[in-house]
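The values are calculated or read from the model by the stated rules, or taken from the named source; none is laboratory data. The structure displayed is predicted, hence computed values, not measured ones. Cβ placement follows ideal geometry from the backbone for every residue including glycine, while neighbour counts extend to all protein chains displayed. Note: areas computed on protein heavy atoms with side chains; ligands, DNA, RNA excluded. Shrake-Rupley method; radii C 1.70, N 1.55, O 1.52, S 1.80 Å.
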Amino acid sequence: MHETREGRQTATRPLGRPRSRQADTAILQATVTLLGESGFQGLTMDQVARRAGVGRATVYRRWRSKEEMIIGALDTLMADFDVEASGDLHEDLFRMTCWLRDGLLTAPEGRLLPHLAAQAVSDPNFPSSHMDTWVCPWRDAVEEVLTRGRDEGLVREDVNLTGIVDMLGGVVILRLFLGHGKPLPDEQIRDMIDAVLGGALVRGPATD
């Protein structure tokens, strides 16, 4: 079970007297901007303080580490998963996959994904749970759609539903990394879904 955004914010919420909301906003915005410019490794809390126009103590009173500060910054920017299932298997998978594509292209956490992924590979201590909070609701929703399709007799019982979710999301993310930022167009997403489901759907009886 993935960690919720609310639970993580409670765990990292600063203690003590209320802080300036204006300073909080400036620090978090500076963190996201510098993360995009310098990556995780190049970002420091002192740089964030200078960019935000606040003192170092103001930053350190709020977050004990750079990791906590980054998580706090990304949490304020994450787009909630808001695609409602309609009951149409193909259409639901299409709309949900488009949501993932569009989020990776436009949402701040999506644009920062290459930096975060590179850091997560090189640093086992890097806190990747914030990306789980963004991606896991999408994964859960897609798997729920596929599970409903299986319950309705559309999807074969022996199909690995998690594998289908990974294929849909993996192609979208791979295209972002290796396609020079060019997104999968809608028609290619539909073709991909048709191809993936081609081996997963229950086939009707053969007709002459």
Share of carbon and sulfur in the accessible heavy-atom surface of the range 143-200 [1.4 Å probe, %]: 55
Loop sites in the range 54-102: GluC sites (Glu not before Pro), DSSP, at most 14 other Cβ within 10 Å: E84
Inter-site label distance for E187 and L154 at 7 Å from Cα along Cβ, in nm: 2.4
